[in-house]
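Beneath this line is the structure, given in structure tokens, with notes to follow.
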Amino acid sequence: MKKLIIGLVAIGALYQYDSSLFDFMLGKAGAFDSDGNPKVVLFISSTCGIHCDNALTHIKNKGIEAEIIDVQNNEAGSKELKRYSKRNGLPVLVVGKQVQYGFQGKRFDELLYDAVGKSALGRREKKVFKHHFNEDGSAKVVMYGTSWCGYCAQARERLIEIGIEHTEWDVEKDKKANNRYGVLQSSGYPLIYVGTRRIGTYDEDKIIASLKESSTWL
């Protein structure tokens, strides 16, 4: 009993020190509003420079409502950041359970889609991403690859093995797919998406989670 009490006291002290360590147990992972909709949270610093400035401008130019947290000399903001990221470096964009480290406009837009829909995307991106959804609007697994790509073959075999349907395009044989691949600004194969969610190379856990969580094409 004494050991149990000591353990509970230690846990309580740790929670007071950094409650974010317990988010995975309390179901608080991710940024959501009271209705369960994805929120947009952007972490910046007044000393971050052009990268944070560009990220903030990108969000504002799209007219997206976001919670902006400057972590400079902000202990509460720094603790909040730790809920989502253990990495160093800013800016960090959080949309629901998705996290983007550093500023990349297209990556930002892919995350922002979950919060605001098509208004987050440019004209070319809309044309690309409509191919990543089924006719009923549900997200599908798509893979851009080549015939000689060994990792593509491994990903294909694994997707078939676990029973996940997917659409695959050979960017060297399909000109339209190659154009879409170019718009997505990637390098290397395979490039896997679930709807607007970039998986990159094969990641089974991310694919399964994204199929459950991805927004529909509205």
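The values are calculated or read from the model by the stated rules, or taken from the named source; none is laboratory data. Model, not experiment: these values are computed from the prediction. A quick note on method: Cβ atoms are made from the backbone with ideal geometry, for glycine too, and the neighbour counts reach across all protein chains shown.
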Only residues that are over 16 Å from P38 (Cα atoms), within 13 Å of the chain's Cα centre (by Cα) and buried (at least 16 other Cβ atoms within 10 Å of the Cβ): list them for region 196-205, please.
-> R198, I199
Taking interchain pairs and intrachain pairs at least six residues apart, which have beta carbon atoms under 7 angstrom, with the first residue in region 69-96 and on the phi > 0 side of the Ramachandran plot and the second small (G, A, S) and modelled with pLDDT under 95?
-> G96/G30; G96/A31
Only residues in region 103-123 that are in the same structural domain as G182 (by TED's automatic domain parsing) and under 15 Å from L56 (Cα atoms) count as the first member; pair them with residues that are part of a helix (DSSP H, G or I) and basic (K, R), Cβ under 8 angstrom, at least 6 apart or cross-chain, and list the lot.
-> none
Unique residue being closer than 15 Å to Y113 by Cα and touching an Asp or Glu at 6+ places or on another chain (Cβ under 6 Å) when the list is S138, S215 | S215
Residues being out of contact with any His (no Cβ under 6 Å at 6 or more places or on another chain), of a type in the set (A, V, I, L, M) and surrounded by 15 or more Cβ atoms within 10 Å (Cβ to Cβ): count how many of those fall in region 156-182.
-> 3
Taking region 82-94 and keeping residues more than 14 Å from A55 (Cα to Cα) and either outside any helix (DSSP H, G or I) or at pLDDT 95 or above (or both) leaves S85, K86, R87, N88
Hey, could you check region 110-123 for residues that are of a type outside the set (A, V, I, L, M, F, W, C) and not in a loop (DSSP other than H, G, I, E, B) and say which is farthest from E213 (Cα to Cα)?
-> R123
Test: residue in region 78-98 that is within 26 Å of W217 (Cβ to Cβ) and of a type in the set (D, E, K, R) | yes
Every pair of residues 6+ apart whose Cβ atoms lie under 6 Å, when the first sits in region 187-198 and is touching a residue at least 12 places away in the same chain (Cβ under 8 Å) and on the phi < 0 side of the Ramachandran plot while the second is buried (at least 23 other Cβ atoms within 10 Å of the Cβ) and in a loop (DSSP other than H, G, I, E, B) = none
Can you pull out the residues in region 131-155 that are among the hydroxyl-bearing types (S, T, Y) and either under 18 Å from V183 (Cβ atoms) or touching a His at 6+ places or on another chain (Cβ under 8 Å) (or both)?
-> Y144, T146
